[in-house]
1. Name the residue farthest towards the positive end of the dipole of the chain from the options P16, L90, V101, assuming +1 on Cβ of Lys and Arg, -1 on Cβ of Asp and Glu, about the Cα centre.
2. In the chain, carbon and sulfur make up what percent of the accessible area (probe 1.4 Å)?
3. Would you mind estimating how fast the range 1-52 diffuses translationally, via Stokes-Einstein at 4 °C and 1.567 mPa s with the Kirkwood radius over Cα pairs, in µm²/s?
4. Where does the chain land at 222 nm, in deg cm²/dmol rounded to the nearest 500, when only DSSP H runs of n ≥ 4 count, each adding -39500 (n - 2.57), divided by all residues?
5. Cα convex hull of the chain: how many Å³ per residue?
6. Subtract the Cα-Cα distance of D88 and E23 from 0.36 nm times their separation in residues, and report this length gain in nm to one decimal.
Amino acid sequence: MAGRRIFSMSFASIYPLYVAKAERKGHTRAEVDHVVRWLTGYDEEGLRRALDDEVDMEEFFARAPQMNPNASLITGVICGHRVEEITDPLMQKIRYLDKLVDEVARGKKMSSILRGSPAT
């Protein structure tokens, strides 16, 4: 599915949409950053570098230091599809991130969003 448009979109163009979604619901950029870093293993500097370099979504996830081993615990429906049933690995990672940002925007507790990981 290399032809999927979202794969070639820059993470830097999608990230502000994630932040805006959270902020509209009274949440913060820091919360969005926290879930992005939890999922991908990026540290703060690595995340900023990915934004500054305007890497596409495929490269963003390819460069991710380590996907969180608890990512498979992310379940539910996003964009009409159950995230746990998505077969394309890259699309599943993108939808995992979408789901986490949705949960931040809905005000879910951070410990629940992080699937039991400490919310430090």
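The values are calculated or read from the model by the stated rules, or taken from the named source; none is laboratory data. Bear in mind the structure is a predicted one, so any value in this text is a computation, not a measurement. As a convention, Cβ positions derive from the backbone with ideal geometry for all residues, glycine included, and neighbour counts pool all protein chains shown. Just so you know, the surface numbers come from the protein's heavy atoms only, side chains and all, with ligands and any DNA or RNA stripped out. Shrake-Rupley method; radii C 1.70, N 1.55, O 1.52, S 1.80 Å.
1. Going by the charge dipole, the pick is V101.
2. Carbon-and-sulfur percentage of accessible area, whole number: 49.
3. 109 µm²/s
4. -16500 deg cm²/dmol
5. Taking the convex hull of the Cα positions in the chain, it is 100 Å³ per residue.
6. 20.4 nm
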